[in-house]
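The values are calculated or read from the model by the stated rules, or taken from the named source; none is laboratory data. Quick caveat, the model's predicted, so the values are computed rather than measured. Positions of Cβ are backbone-derived with ideal geometry, glycine not excepted, and every protein chain shown enters the neighbour counts.
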Amino acid sequence: MALTLRSAGADDAAALCAILHDTFASAWRPQITEAAAQAFLREDRPTAYVGERGPLFHVAEVDGEVVGFVDWDGDFVNALHVRASHARQGLGARLMDLAEAEIAKAGHPQARLETDTFNRPSQAFYAKRGYVEADRYPDREWDSGLTTLLLAKPLSRP
């Protein structure tokens with residue numbers, strides 16, 4: 001497996017949208033209401049998100065195929081997504097290593113992110129990396145009765 005981590009380029013937009021649709025189908029759709037799922041599809045949220053923030057993403061490319069990405073702003077990790085076909089191969093960890101290093105290099109004392117209580121694999125992944133729960137609140141994005149966890153991890157400056 002030839003892995004490359006790099007900044008996203010304009011040519012990556014379709015692959016990034018496909019990753020978001022893939023992770024939506026595998027992680028989110030089974031947990032949200034049908035109305036929320038239809039709104040996600042109707043509004044084509046992946047295209048809007050990639051159009052707005054895609055140039056700031058860092059991607060994981062395996063054998064020439066973009067299969068994951070991470071997006072952060074300041075000390076907050078907005079998104080970490082890896083295609084289901086490439087999950088549990090260390091790609092998410094490599095992307096988070098990059099994000100955490102850059103967040104620390106920018107002078108932030110911690111990294112923060114959100115996940116939901118239903119997403120046990122995500123919680124286990126972040127706990128293993130040293131993230132702890134800082135808060136919990138209703139998930140308003142999906143309007144499906146979910147609970148969001150705010151996780152935080154102290155960072156060491158490089």
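Descriptive notes on the structure:
- For region 99-158, filtered to residues that are of a type in the set (Ser, Thr, Tyr) and assigned to a loop (DSSP other than H, G, I, E, B), the residue that is farthest from Ala79 (Cα to Cα) is Ser156.
- Some residue of region 100-115 being at pLDDT 95 or above and over 25 Å from Arg157 (Cβ atoms): yes
- Taken over region 121-146, the residue count meeting the criterion of being hydroxyl-bearing (Ser, Thr, Tyr) and closer than 19 Å to Phe24 by Cβ is 2.
- Subset of region 1-56 [part of a helix (DSSP H, G or I), within 26 Å of Thr148 (Cβ to Cβ) and of a type in the set (Asp, Glu)]: Asp22, Glu34, Glu43, Glu52
- Scope region 2-26; condition of a type in the set (A, V, I, L, M), touching a residue at least 60 places away in the same chain (Cβ under 8 Å) and buried (at least 18 other Cβ atoms within 10 Å of the Cβ); matching residues: Ala8, Ile19, Leu20
- Residue among Asp135, Asp139 that alone is without any contact (Cβ under 8 Å) to a residue 24 or more places away in the chain and buried (at least 19 other Cβ atoms within 10 Å of the Cβ): Asp139
- Residue in region 52-62 that is free of Cβ contacts under 8 Å to residues at least 24 places away in the same chain and surrounded by fewer than 17 Cβ atoms within 10 Å (Cβ to Cβ) present: yes
- Considering (1) of a type outside the set (Asp, Glu); (2) at pLDDT 95 or above; (3) touching a strand residue (DSSP E or B) at 6+ places or on another chain (Cβ under 6 Å), the lone condition that Leu146 does not fulfil carries the number (2).
- Test: Ala84 is within 14 Å of the chain's Cα centre (by Cα), within 20 Å of Arg45 (Cα to Cα) and surrounded by 15 or more Cβ atoms within 10 Å (Cβ to Cβ): no
- Residue within region 60-81 that is outside any strand (DSSP E or B), under 20 Å from Leu16 (Cβ atoms) and at pLDDT below 95 present: yes
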